[in-house]
Amino acid sequence: MGCGQRSRALKTFVALLLISGAFGVAIAVAYWLIAHEETTGTALLGIMSAALFFAASYAIIAERNANLAGDVPEPQTAEAPEDLGIFTTHSPWPILVALCALGALSGVLWSPFLAVVSLCALLLCLWRLGRESAITPGSEFRGVSRRRDSTSTERGS
Amino acid sequence: MIGWLTSTNHKNIGILYIVTTMTFFVAAGALALLIRSQLAFPGNTFLGPHAFNQAFTLHGTAMIFLVIAPFGIGLANYLVPLQIGAPDMAFPRLNATSFWLFAVGGLTVFGGLLAYGGAAATGWTAYVPLSEIAEGTGAGQDLWIVGLTLVAVSTVLTAINLLVTAVLYRAPGMTMWRMPIFTWEVVATAVLILMAFPPLTAAFAMLLIDRHTGGHFFDPTYGGNPVLYQHLFWFFGHPEVYVMILPFFGVVTEVVATFSHKPVFGYVGMVISAFAIAGLSIGVWAHHMFTTGAVSNPFFSAVSFLIAVPTGVKFVNWIGTMWKGAIELSTAMLFAIGFMLNFLIGGITGVMVASPPLDYGAHDTYFIVQHFHYTIGGGSLFALFAALFFWFPKMFGIRLGEGMGKWSFALLFVGFNATFLPMGFMGLEGMARRVYTYPDVGHLALLNGISTAGSVVMAVGVALFFVNVLVSALLAKPVPDNPWNGYSLEWLTSSPPPEFNFHTLPRIQGKRPAWDVASGAAP
């Protein structure tokens with residue numbers, strides 16, 4: 001899977017996040033406006049159906065336009081992707097992100113100082129996590145291995 | 001150790017999920033034994049009311065948020081890339097972040113036990129106005145909300161990761177309509193999570209605002225509405241039931257097909273019914289609120305009845321798969337059959353309480369406890385054990401002892417039914433749930449005694465499972481890569497698989513690549 005498909009994967013990720021966010025906002029507004037009405041259930045169902053339809057349509061269109069190797073029913077060796085990109089095998093940042101998130105949420109409740117410190121630490125960890133994504137193929141970085149080393153060289157053979 | 005903690009490989013994270021959820025399972029099981037000990041006979045004072053409230057709150061919370069649903073996610077983490085021929089999840093570090101958010105969140109919930117005033121004690125639903133009273137519920141309730149918020153965020157991130165992986169990272173030849181049913185069920189679950197979890201996070205945020213910053217979202221004295229919390233909670237809560245069951249439908253499908261030595265009967269029907277269940281489950285949340293009088297009962301009742309149809313399709317397909325098959329009663333298969341029998345009772349009682357006139361009588365009684373436990377305990381939990389026995393050889397290169405496994409199954413099946421079948425009758429005699437004791441009237445003493453004895457038998461069955469794991473690990477008898485003659489792609493790699501899953505991918509030309517390779521139909 002080349003860089004183009006990796007970037008498509010990223011777009012899908014962002015799009016799904018946006019859909020989830022937009023859906024959450026729509027639900028919140030609907031509840032706020034009509035929660036006291038008996039028709040709430042029916043209205044929400046309509047919204048849900050629309051959201052489901054929207055998400056499904058997006059998934060179908062994205063999948064159709066993606067030109068994925070997985071969609072080739074009779075694959076040949078030549079169709080195996082050459083560069084599968086970079087996959088991290090180890091990273092210390094996820095565990096630190098989780099701890100900082102806990103600190104930030106707890107701080108909001110009990111200690112503004114803890115909240116500010118944790119939030120700063122969280123941003124730092126997320127930045128470092130993002131930096132790992134920015135490592136380009138061929139550059140040396142501990143904890144990052146190229147996926148093709150293990151897999152893609154023999155893929156489809 | 002550091003390598004495991006910082007690993008972003010999907011298999012390691014899957015195993016971390018499974019180990020963590022099983023640890024929480026032991027804690028939740030111990031709490032269940034405490035609950036059953038308190039209820040063993042009328043007027044018992046083994047646990048006081050507040051301790052009892054904490055016990056059932058933490059038990060329910062742990063089983064739902066920290067055991068059943070995340071076990072399915074952990075299994076999906078391990079299996080989906082293997083089943084579709086991907087080297088890893090689409091976003092490995094996001095995957096690790098999801099796991100650690102989940103683990104930290106779970107520990108935070110249990111951390112409430114150390115707080116002044118104890119852990120959360122308002123039930124796994126944390127209904128307002130009870131959960132809004134900061135003075136009465138203390139820091140334990142806050143830790144519960146914070147912990148579950150982290151778990152909710154983690155779950156959404158995992159759903160995105162699984163969805164992107166399944167759609168974009170399939171190996172050449174692994175078209176969508178060749179994916180194993182387990183992966184399809186995970187895709188449906190991921191869509192459901194994206195729909196259901198954001199309202200839960202919103203509800204928790206509003207609850208925290210009400211508790212700590214003078215908000216009045218749910219306070220009727222200032223124009224708020226407590227029923228709004230129920231709407232938001234159940235908008236998550238009912239789909240969550242299917243988040244807890246859909247991956248296990250996939251497990252049962254894989255196990256039944258493998259041990260019947262037949263292809264899955266009605267593959268397309270299985271996929272469509274998974275999405276039908278997911279879609280309908282979003283529209284039935286208010287059947288939990290029939291007695292509030294604030295929802296359209298006939299509408300939600302009708303939709304609730306309707307969801308039995310795609311579920312019935314799955315039963316037909318499982319039976320069709322077994323029909324005239326060379327059924328092999330391995331431990332995994334026994335757990336799968338146990339799942340079907342138990343879940344059937346859960347489903348039928350579910351249809352009963354989907355009828356408002358019946359629900360008015362059964363609401364907040366032990367009838368509901370029985371129904372729910374047959375669905376998730378007798379259903380998902382049995383499928384969880386089926387999954388462990390089925391994929392343990394793939395994960396660790398050794399298989400669990402079949403003899404001890406069958407004893408575990410027998411003890412769990414008998415213990416489970418002895419524990420929960422009497423609860424239906426308790427409910428019919430009017431015994432209220434979430435109350436720490438009960439009067440000696442009717443048959444309540446006898447039924448509770450049987451139920452408590454059953455829970456001890458279940459505990460022995462679970463303990464035997466862990467002994468089995470220990471003994472199997474010590475004996476460490478190696479197994480072939482495909483010990484069950486499974487059909488899906490993961491059985492074509494080594495056990496355990498290499499770091500990026502496959503040294504060589506076969507040419508995938510159908511739904512059953514392992515059987516194609518074995519028969520010579522594929523190179």
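The values are calculated or read from the model by the stated rules, or taken from the named source; none is laboratory data. Note that the structure is a prediction, hence the values are computed from the model and not measured. Please note: Cβ atoms are built from the backbone with ideal geometry, for glycine as well, and neighbour counts cover all protein chains shown.
For B:L143, state whether it is part of a helix (DSSP H, G or I) and surrounded by 23 or more Cβ atoms within 10 Å (Cβ to Cβ).
Details: part of a helix (DSSP H, G or I): yes; surrounded by 23 or more Cβ atoms within 10 Å (Cβ to Cβ): yes.
Considered against the rule, which asks whether it is part of a helix (DSSP H, G or I) and surrounded by 23 or more Cβ atoms within 10 Å (Cβ to Cβ), B:L143 comes out as yes.
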B:T221 fails exactly one of (1) within 14 Å of chain A (Cβ to nearest Cβ); (2) surrounded by fewer than 24 Cβ atoms within 10 Å (Cβ to Cβ), namely (1)
Out of (1) surrounded by fewer than 18 Cβ atoms within 10 Å (Cβ to Cβ); (2) touching a strand residue (DSSP E or B) at 6+ places or on another chain (Cβ under 7 Å); (3) more than 30 Å from B:P42 (Cβ to Cβ), what's the single condition that is false for B:F466? (2)
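Results for (1) surrounded by fewer than 23 Cβ atoms within 10 Å (Cβ to Cβ); (2) closer than 21 Å to B:T291 by Cβ; (3) touching a Ser or Thr at 6+ places or on another chain (Cβ under 8 Å), shown as yes or no for each residue.
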| site | (1), (2), (3) |
| --- | --- |
| B:F385 | no, no, yes |
| B:F389 | no, no, yes |
| B:M404 | yes, no, no |
| B:G415 | yes, no, yes |
| B:M426 | no, yes, yes |
| B:A432 | yes, yes, yes |
Failed item, numbered, when B:N501 is tested on (1) out of contact with any His (no Cβ under 9 Å at 6 or more places or on another chain); (2) within 14 Å of another protein chain (Cβ to nearest Cβ): (1)
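If you check B:V255 against the conditions, is it modelled with pLDDT under 95 and crowded, with 20+ Cβ neighbours inside 10 Å? Talk me through it step by step, then tell me what you get.
Working: modelled with pLDDT under 95: no; crowded, with 20+ Cβ neighbours inside 10 Å: yes.
It is false that B:V255 is modelled with pLDDT under 95 and crowded, with 20+ Cβ neighbours inside 10 Å.
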Among (1) farther than 23 Å from B:P422 by Cα; (2) outside any helix (DSSP H, G or I), which single condition is B:F46 missing? (1)
What residue, of B:T57, B:T20, is within 14 Å of chain A (Cβ to nearest Cβ), part of a helix (DSSP H, G or I) and either within 21 Å of B:M458 (Cβ to Cβ) or within 20 Å of the chain's Cα centre (by Cα) (or both)? B:T20
Among what's in the stretch B:262-308 and is assigned to a loop (DSSP other than H, G, I, E, B) and at pLDDT 90 or above, pick the residue that is surrounded by the most Cβ atoms within 10 Å (Cβ to Cβ). B:V264
Expected single match for closer than 30 Å to B:N501 by Cβ and assigned to a loop (DSSP other than H, G, I, E, B) among B:A90, B:A69, B:A126, B:A96 is B:A90
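Applying the selection to the stretch B:504-523, what residues are among the β-branched types (V, I, T), within 21 Å of B:M89 (Cα to Cα) and either surrounded by fewer than 19 Cβ atoms within 10 Å (Cβ to Cβ) or more than 9 Å from chain A (Cβ to nearest Cβ) (or both)? Step through it out loud before you land on a result.
Looking only at the stretch B:504-523, we keep the residues that are among the β-branched types (V, I, T), and these are B:504, B:508, B:517.
Still in the list and also within 21 Å of B:M89 (Cα to Cα): B:504, B:508.
Answer for the stretch B:504-523, where residues must be among the β-branched types (V, I, T), within 21 Å of B:M89 (Cα to Cα) and either surrounded by fewer than 19 Cβ atoms within 10 Å (Cβ to Cβ) or more than 9 Å from chain A (Cβ to nearest Cβ) (or both): just B:T504.
So that you can scan it fast, the table gives a plain yes or no per residue for (1) of a type in the set (A, V, I, L, M, F, W, C); (2) over 25 Å from the mean Cα position of the chain (by Cα):
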| site | (1), (2) |
| --- | --- |
| B:M289 | yes, no |
| B:T292 | no, yes |
| B:V295 | yes, yes |
| B:A302 | yes, yes |
| B:V313 | yes, no |
| B:I319 | yes, no |
| B:W323 | yes, yes |
| B:L329 | yes, no |
| B:L334 | yes, no |
Is it the case that B:A418 is part of a helix (DSSP H, G or I) and free of Cβ contacts under 8 Å to residues at least 60 places away in the same chain? yes
I'm told B:F392 meets every condition in (1) touching a Leu at 6+ places or on another chain (Cβ under 6 Å); (2) more than 30 Å from B:P81 (Cβ to Cβ) except one. Can you identify the failing condition by its number? (2)
All but one of (1) more than 25 Å from B:P239 (Cα to Cα); (2) out of contact with any Ser or Thr (no Cβ under 6 Å at 6 or more places or on another chain) hold for B:G461; state the number of the condition that does not hold. (2)
Give the residue, chosen from A:S106, A:S91, A:S111, that is surrounded by fewer than 17 Cβ atoms within 10 Å (Cβ to Cβ), modelled with pLDDT of 80 or more, of a type outside the set (F, W, Y) and at negative phi. A:S111
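Table: residues versus (1) more than 20 Å from B:A69 (Cβ to Cβ); (2) facing chain A (nearest Cβ under 10 Å); (3) without any contact (Cβ under 8 Å) to a residue 60 or more places away in the chain.
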| site | (1), (2), (3) |
| --- | --- |
| B:S131 | yes, no, no |
| B:Q141 | yes, no, no |
| B:W144 | no, no, no |
| B:G147 | no, yes, yes |
| B:L150 | no, yes, yes |
| B:T155 | no, no, no |
| B:L162 | no, no, no |
| B:L168 | yes, yes, no |
| B:A171 | yes, yes, no |
